[in-house]
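Since the structure comes first, as C-alpha cells, the remarks are kept for the end.
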Amino acid sequence: MAMALRTAAAAAPRGLRRLFSTISNPAINFPPSAATSAQQRETREPSTNLFVSGLSKRTTTEKLQEAFSQFGEVVNARVVTDRVSGYSKGFGFVKYATLDDAAKGIKGMDGQFLDGWVIFAEYARPRPPPGQPENNVATPYSRQ
C-alpha cells in the first residue's frame, strides 16, 4: 500500500505531490476535540446570561428555550436572526433566573447537539456602555 502511494505521488503533478505527502505522513496533526477547546476558551465572569453559538439556521427561540429549560428556570431565550431571511445567524442568548441554573445550563449543553449541530454555551460578555467604541478603537473619522 505504501509503495503504491509513493509510486502515485511520483507520477502525480507537482500540486498533488503535497497532498500525497500528507497522506503518507504519520505525524498528522488533527484539530483539538470539542472538550479540549472548551477547556482552553477564556473563562468569563459568571452571569445569568449565556451566549450560545453554533446554532443551526433552523433553530428557533422556542427550541432554544426548550433545550436549556431542562437545566433550570429560563427567564428569556433569544435566537439572533437575519432581518431579511428571518433565519438564525447562528448564535443566541439564554438568561437564567439564578447563577446556579446558568452554570448547570453551560455544563449540560456545551458541546451538545441541537437541531443536528454542535452548540457551545458560555457566559455572555457584558455589553459595553453606550458611546464607548469597542476595543478602545477610534472611528476612522474621529480626531483625538
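The values are calculated or read from the model by the stated rules, or taken from the named source; none is laboratory data. Note that the coordinates shown come from a computational prediction; the quantities given were computed from them, not determined experimentally. As a convention, Cβ positions derive from the backbone with ideal geometry for all residues, glycine included, and neighbour counts pool all protein chains shown. With ligands, DNA and RNA removed, areas are computed over all heavy atoms of the protein, side chains included. Shrake-Rupley method; radii C 1.70, N 1.55, O 1.52, S 1.80 Å.
Once phi is turned into θ = phi - 60°, what whole-Hz ³J(HN,Hα) does the Karplus curve with 6.51, -1.76 and 1.60 give for every residue of the stretch 109-122, x standing for Gly and Pro?
Residue by residue, the stretch 109-122 yields 10, 5, x, 9, 8, 9, 6, x, 10, 7, 10, 10, 10, 8 Hz.
What order do you get for 115-127, 48-60 when each peptide is scored by the mean count of other beta carbon atoms within 10 Å, highest first?
The peptides rank, most packed first, as 48-60, 115-127.
Would you please give the residues with an amide H less than 5 Å from that of F91, counting only those at least 5 places away or on a separate chain, with H modeled from the backbone geometry?
L55, V80
May I ask you to give the solvent-accessible area per residue for the stretch 42-85, in square angstrom, as obtained with a 1.4 angstrom probe?
Per residue, the stretch 42-85 has an accessible area of 66 Å².
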